[in-house]
Amino acid sequence: MDILVGMHKLEGGCHCGNIHMDVALPRAPGEYRPRACDCDFCTKHAAAYLSDPQGSFSIHIGDAAKAARYRQGSGQAEFLICTACGTLIGVSFAEGGHLYGAANAHAFEGGKPFGAEQPVSPRTLSAGEKAKRWQDVWFPDVRITGL
């Protein structure tokens, strides 16, 4: 994936190296406050999500047999997890020919270069409200290779 000039590039992935991710952000990483979802699934995975509708997000999977997709709650969004090491990589939502997504801020290399996490509660939103919010704040046109 081509990273635009002036973008802040971050890399990450799962612990065992099977799943690799790249994001490009238009602002410095410290300006982002990852969203810590309060649903049972995200809480159990200690996940906090990073996205920017002006950025980009790509994922490459080495061995698709070690990558699981999981839906819970309303079933609209799909989580990507490495089954070899258990790392939650991110979440995606398909709508209107686009794949929107958010990366798990805890799966990036080099620690946590982001601002303080902010709590969010998508389970309080209707299915339509969730879809609208994700389209507004998540990375658009996520690319996943290797599935």
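Side notes on the structure shown:
- Among the candidates Ala68, Ala127, the residue that is in contact with a Ser or Thr (Cβ under 9 Å, 6 or more places away or on another chain) and without any contact (Cβ under 8 Å) to a residue 24 or more places away in the chain is uniquely Ala68.
- Some residue of the range 80-101 being touching a Lys or Arg at 6+ places or on another chain (Cβ under 7 Å), within 16 Å of Lys130 (Cβ to Cβ) and at pLDDT 95 or above: no
- Residues of the range 19-37 that turn out to be under 14 Å from Gly90 (Cα atoms) and not hydrophobic (A, V, I, L, M, F, W, C), as a count: 4
- Put simply, of Phe79, Phe108, Phe93 the only residue that is touching an Asp or Glu at 6+ places or on another chain (Cβ under 8 Å), without any contact (Cβ under 8 Å) to a residue 60 or more places away in the chain and crowded, with 16+ Cβ neighbours inside 10 Å is Phe93.
Rundown of residues vs (1) at pLDDT 95 or above; (2) hydrophobic (A, V, I, L, M, F, W, C); (3) more than 18 Å from Gln135 (Cα to Cα); (4) loosely packed, with under 15 Cβ neighbours inside 10 Å, yes/no style:
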{"position": "Asn18", "(1), (2), (3), (4)": "yes, no, yes, no"}
{"position": "Arg27", "(1), (2), (3), (4)": "yes, no, yes, yes"}
{"position": "Cys37", "(1), (2), (3), (4)": "no, yes, no, no"}
{"position": "Leu50", "(1), (2), (3), (4)": "yes, yes, no, no"}
{"position": "Phe57", "(1), (2), (3), (4)": "yes, yes, no, no"}
{"position": "His60", "(1), (2), (3), (4)": "yes, no, yes, no"}
{"position": "Lys66", "(1), (2), (3), (4)": "yes, no, yes, no"}
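- Being within 15 Å of His45 (Cβ to Cβ) and charged (D, E, K, R) holds for only one residue in Glu117, Glu129, and it is Glu117.
- Count of the range 7-25 residues, restricted to those that are under 18 Å from Leu147 (Cα atoms) and not in a strand (DSSP E or B), is 4.
- Single unsatisfied condition, Gly110 versus (1) at pLDDT below 95; (2) more than 22 Å from Ala28 (Cα to Cα); (3) out of contact with any strand residue (DSSP E or B) (no Cβ under 7 Å at 6 or more places or on another chain): (2)
- Ala46 being on the phi > 0 side of the Ramachandran plot and aliphatic (A, V, I, L, M): yes
- Condition broken by Tyr70, with the remaining ones in (1) surrounded by 15 or more Cβ atoms within 10 Å (Cβ to Cβ); (2) among the aromatic types (Phe, Trp, Tyr); (3) over 10 Å from the mean Cα position of the chain (by Cα) satisfied: (1)
The values are calculated or read from the model by the stated rules, or taken from the named source; none is laboratory data. Fair warning: this is a prediction, and the values are worked out from it, not measured in the lab. Backbone-built Cβ (ideal geometry, glycine too); neighbour counts: all protein chains shown.
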